[in-house]
Each structure stands twice: as structure tokens, then as C-alpha cells.
Amino acid sequence: MLTGCGGDVAGILITGASDFLYDGDWWEDKRTGRGHCTIRGRETYTGEWLENKFHGQGKFCDADGNVCE
């Protein structure tokens, strides 16, 4: 589900068997801006995105609980 106008929208992406969930900003069909994702239900990233990649300020927590900011 995407909401907004022009190329700047916000929405949710769920892939496969819900192994990747993204909730955040989009620009021209790419994850760009602020967002949160859960990977395989065990890893998370909350922060800035640029063209579908982690970019800038953010916090990643891996499956073992290690945190990288």
C-alpha cells in the first residue's frame, strides 16, 4: 500500500513469505527517505534509505542482538 502524491509516497512492502517487511518512505518506486525493515523476522534496520539501500543515519540489529549505529 502506497499513499502520497507525485514520486514522494509512504507505504509498506512485504516480500516472499514475509521474509522482508519495509514500512517507510518511497521515491520513484525505491525505498528512499526514512523507514523500518524486518529481515527474516530476526534482523531489523531503522533509519535512512537511499535507492533501496541503508544510507546515512540508522540502527541495525542482527539476529544475535548485536547493534550497529
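Details
- Here the chain exposes an accessible surface that is 52 percent carbon and sulfur, computed with a 1.4 Å probe and the other protein chains kept in place.
- Exposure of Glu48 as accessible area (Å², to 10), given a probe of 1.4 Å and all protein chains: 60 Å²
- For the chain: accessible area per residue (Å², 1.4 Å): 68 Å²
The values are calculated or read from the model by the stated rules, or taken from the named source; none is laboratory data. The model shown is predicted, which means the values in this text are computed figures rather than measured ones. Heads up: the accessible areas ignore ligands, DNA and RNA and are worked out on the full protein's heavy atoms, side chains in. Shrake-Rupley method; radii C 1.70, N 1.55, O 1.52, S 1.80 Å.
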